[in-house]
Amino acid sequence: MILIKIFITKKSLINEKNNFYTFITKVNCNKKQIKKEIFNLFGHKVIKVKTILYPKKDKSKFTKKGFLKGKMSRFKKIIVKFNKKINFNKLFDNKNYNGDKKIETDNTKSEIQSCK
């Protein structure tokens, strides 16, 4: 499974009106693999795929236990244009749908899952 989750921000919600949808994928996949996987998963023709590769970032926070340091792993964000509007609620309500492959949604940019 190449897709990890749907990436939801204000900008991505605005782009949904023009049939652009944003996802987080594994770092090592290319545009052809992404296009094929999305067609197999959603069953709609993909017109265009844009990829953005984000580097690792250092993260730190101050807590009661002291200063904590860590790293956020790198990830690949893709913007996909479909030929028509997709309703994700209908896709996940399908009886043949396996819950293990469900794409998680998240409303915050700061919490990105690992792409490994």
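Within region 13-25, being surrounded by 17 or more Cβ atoms within 10 Å (Cβ to Cβ) and either within 21 Å of R74 (Cβ to Cβ) or polar (S, T, N, Q) (or both) holds for T22, F23, I24, T25.
Residues in region 38-53 that are modelled with pLDDT of 90 or more and closer than 17 Å to K5 by Cα were compared, and the one that is surrounded by the most Cβ atoms within 10 Å (Cβ to Cβ) is V49.
Check every one of the strands (runs of 3 or more DSSP E) wholly within region 15-93 and list those with 2 or more residues that are within 17 Å of the chain's Cα centre (by Cα).
Numbers: elements: 20-25, 46-54, 57-63, 66-72, 75-82.
Passing ranges, in order: 20-25, 46-54, 75-82.
The values are calculated or read from the model by the stated rules, or taken from the named source; none is laboratory data. What you see is a predicted model, and the numbers here were worked out from it, not measured in a lab. Please note: Cβ atoms are built from the backbone with ideal geometry, for glycine as well, and neighbour counts cover all protein chains shown.
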